[in-house]
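What follows is a set of notes on a single structure, which appears directly below.
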Amino acid sequence: MENLIQLAEKDYISKGLHRKCYHHPDDPNKCIKVNYNEGAEEETNREIAYYKHLINRNISWDVLAKYYGPVMTNFGQGHVFELIRDYDGKISIPLEKYLFDEQATNQNYDALVVSLKALKTALLKDRIITMTIKSKNILFQHLSPEENHLIIIDNIGNSTFIPIANYVGFFAKAKIERTWQRFLLSLIRENKHNSLITKLIDDVNH
């Protein structure tokens, strides 16, 4: 971490509860997340420890942004992640925007159903545990005009004091199932104005 990376406001992408996300100035396919408030360090350390756990388990990374390690920036220590882009080079848009806009839901309906089913399958296959699953933390990536998938970019890991689910498949899958059902209910609750949302979730469940 000898080389200090200079981040500027022009590199800013977005922010969550604890971290700001910036374009990596030397690599268009990477971003850097930097803590910006108190309490962020514990959250970040927990997430990074879980990323390292997944790297050691050699998961497929089909539905999770890759983690590349720590760097030092002019805003303090940062962590480098994959920046998810569509086939046309644009940064992929969060799932929440496709579900909030009924027209966007309708235009991408079949792809959303297939992608949500594939997301759950991948979480179970690789036993990826998330704190909660939120549509704002999932990007709907267009790999081509016909091919799409969902990528989780935040809020992964296990806050349990003794995280047995990290190591025992049975407990991991049970935890993932519970979190997934809460996620689907939250999609209905947050998008009540969208007349397609209940049918969409029914189709995902079947």
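The values are calculated or read from the model by the stated rules, or taken from the named source; none is laboratory data. In this text, all values refer to a predicted model and were calculated from it rather than measured experimentally. Note that we place each Cβ from the backbone using ideal geometry, even for glycine, and neighbour counts take in every protein chain shown. Protein only, heavy atoms only, side chains kept; ligands, DNA and RNA dropped before computing areas. Shrake-Rupley method; radii C 1.70, N 1.55, O 1.52, S 1.80 Å.
Quick one: pull the percent of accessible area on the chain belonging to carbon and sulfur, 1.4 Å probe, ligands and nucleic acids left out. Walk me through the intermediate numbers first.
Numbers: 5920 of 11190 Å².
So the carbon and sulfur contribution to the accessible surface is 53 percent.
Okay, helix-only estimate at 222 nm for the chain: each DSSP H run of n ≥ 4 adds -39500 (n - 2.57), divide by all residues, round to 500 deg cm²/dmol; what do you get? Don't skip to the end; give the middle numbers.
On the way: 6 runs with 77 residues, N = 206.
One gets -12000 deg cm²/dmol as the mean residue ellipticity at 222 nm.
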Open item on the list: Can you list residues from other chains, or at least 5 along the same chain, whose modelled amide H is less than 5 Å from the amide H of residue 13?
Closed with: 21, 22, 23
TODO: For segment 118-124, just list the computed ³J(HN,Hα) in residue order, Karplus coefficients 6.51, -1.76 and 1.60, θ = phi - 60°, integers in Hz, with x standing in for Gly and Pro.
DONE: 5, 4, 4, 4, 5, 4, 5
Task: Fraction of beta bridges assigned by DSSP in segment 1-87 that are antiparallel (%, nearest 5) - done: 90 percent
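Between residue 90 and residue 185, what FRET efficiency follows from the Cβ-Cβ distance if R0 is 45 Å, with the result rounded to 0.05? It would help to have the intermediate numbers written out before the result.
On the way: r = 31 Å, r/R0 = 0.68.
Computed FRET efficiency for residue 90 and residue 185: 0.90.
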- [ ] Could you go through segment 59-70 in sequence order and give the Karplus-derived ³J(HN,Hα) for each residue, using 6.51 cos²θ - 1.76 cosθ + 1.60 with θ = phi - 60°, rounded to whole Hz, and x for Gly and Pro?
- [x] 6, 7, 6, 5, 10, 9, 5, 5, 10, 10, x, x
- [ ] Springs between alpha-carbon atoms under 10 Å, Gaussian network over the chain: tell me which of 118, 104, 172 tops the mean-square fluctuations.
- [x] 104
TODO: Hey, can you find the accessible area per residue of the chain for me, probe 1.4 Å, expressed in square angstrom?
DONE: 54 Å²
TODO: Please quote Rg/Rh for the chain to two decimal places, taking the Kirkwood radius as Rh and restricting both calculations to Cα atoms.
DONE: 0.96
Task: From phi via Karplus (6.51, -1.76, 1.60), per-residue ³J(HN,Hα) for segment 16-28 in Hz, x at Gly/Pro - done: x, 5, 10, 10, 9, 10, 10, 4, 6, x, 10, 8, x
TODO: List the residues whose amide H sits under 5 Å from the amide H of residue 93, counting only those 5 or more places along or on another chain, with H placed 1.01 Å from N in the peptide plane.
DONE: 140
TODO: Select from 142, 22, 37 the residue farthest towards the positive end of the dipole of the chain; place +1 on Cβ of Lys and Arg, -1 on Cβ of Asp and Glu, and compute about the Cα centre.
DONE: 37
- [ ] Just the number, please: percent antiparallel of the DSSP beta bridges in the chain, rounded to the nearest 5.
- [x] 90 percent
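With all distinct Cα pairs included, what does the Kirkwood hydrodynamic radius of segment 5-123 come out to in Å, to one decimal, could you say? Before the final figure, lay out each step's value.
Values: mean 1/r = 0.0622 Å⁻¹.
Across segment 5-123, the inverse of the average 1/r is 16.1 Å.
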